[in-house]
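As structure tokens, the structure follows; a few thoughts come after it.
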Amino acid sequence: MKKLLLLLMAAALLTGCQKYSGGEPVNKPKEEKLKVEEIKKEEPKKELTLEDKVTAALHKGFGKKFNDKDSVQEIKAIKGVDESARVNVKVYAKDSIGMKTTMLNSITSTLKELQNENEIETIFFMIIFPLVDQYGNSEDGTIAKVEISKETLDKINFKNFVYNQIPNIADEYWEHPAVSK
């Protein structure tokens, strides 16, 4: 009889543990969580500015940081009469053994991200990197300048495009002699 009573009490206890957790039914949805999710759904998404879009594309292509600094040093979008913009960017190149290859690949990746941005008339890259003189002094210097118009950008088929063609297709291209070596 005692065993039967203990068995019934254990069954009742286990049934209670399955249905309740922390004093509330397990299957009961929490109203608070639902309210937070509803609020998130109702919030309108903030429209990104051209500068925000360019910054995101540059971070994707060049990385977010360079020596604990933001890789993107400057972005200027100069709007014309027709609302299209000339975008000037100053960005650090990634530090790597194949500097030129990495730089051209980063530019290609950035251009691919921006190809559908109709606000851009021209994008001008000023690529900077610490340059060391013969005495061992280091100073940030320009290692490349690349200008690509929207017309040129629209011609690029990124499925088959090879990054080392950037110097050939760019509307303007200059590189520091140290990069050419």
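Calculate the spin-label point distance for Y163 paired with A56, positioning each point 7 Å from the Cα along the beta-carbon direction, and give it in nanometres.
2.2 nm
If we count every other residue with Cβ under 14 angstrom of V179's Cβ, Lys/Arg +1 and Asp/Glu -1, where does the sum land?
Values: positive: K94, K100, K145, K181; negative: D95, E175.
Computed value for this residue: +2.
Sort F124, F161 so that the residue with the fewest other Cβ atoms within 10 Å of its own Cβ comes first and the one with the most comes last.
The fewest-first ordering by Cβ neighbours comes to F161, F124.
For a Förster distance of 41 Å, can you work out the FRET efficiency between the beta-carbons of K79 and Y135, rounded to the nearest 0.05?
Values: r = 44 Å, r/R0 = 1.06.
The computed FRET efficiency comes out at 0.40.
By per-residue mean of other Cβ atoms within 10 Å, what is the highest-first order of 150-159, 60-69?
On the way: 150-159: 12.4, 60-69: 14.3.
Output ranking for 150-159, 60-69: 60-69, 150-159.
Can you tell me the dipole magnitude for region 50-180 around its Cα centre, using point charges on the Cβ only (Lys, Arg +1; Asp, Glu -1), in Debye to the nearest 20?
On the way: 16 positive and 21 negative charges, 87 e Å.
Once rounded to the nearest 20, the dipole reads 420 debye.
Bear in mind these aren't lab numbers, they're just calculated from the coordinates by the rules spelled out. All figures in this text were calculated on a predicted structure; none of them were measured in a lab. As a convention, Cβ positions derive from the backbone with ideal geometry for all residues, glycine included, and neighbour counts pool all protein chains shown.
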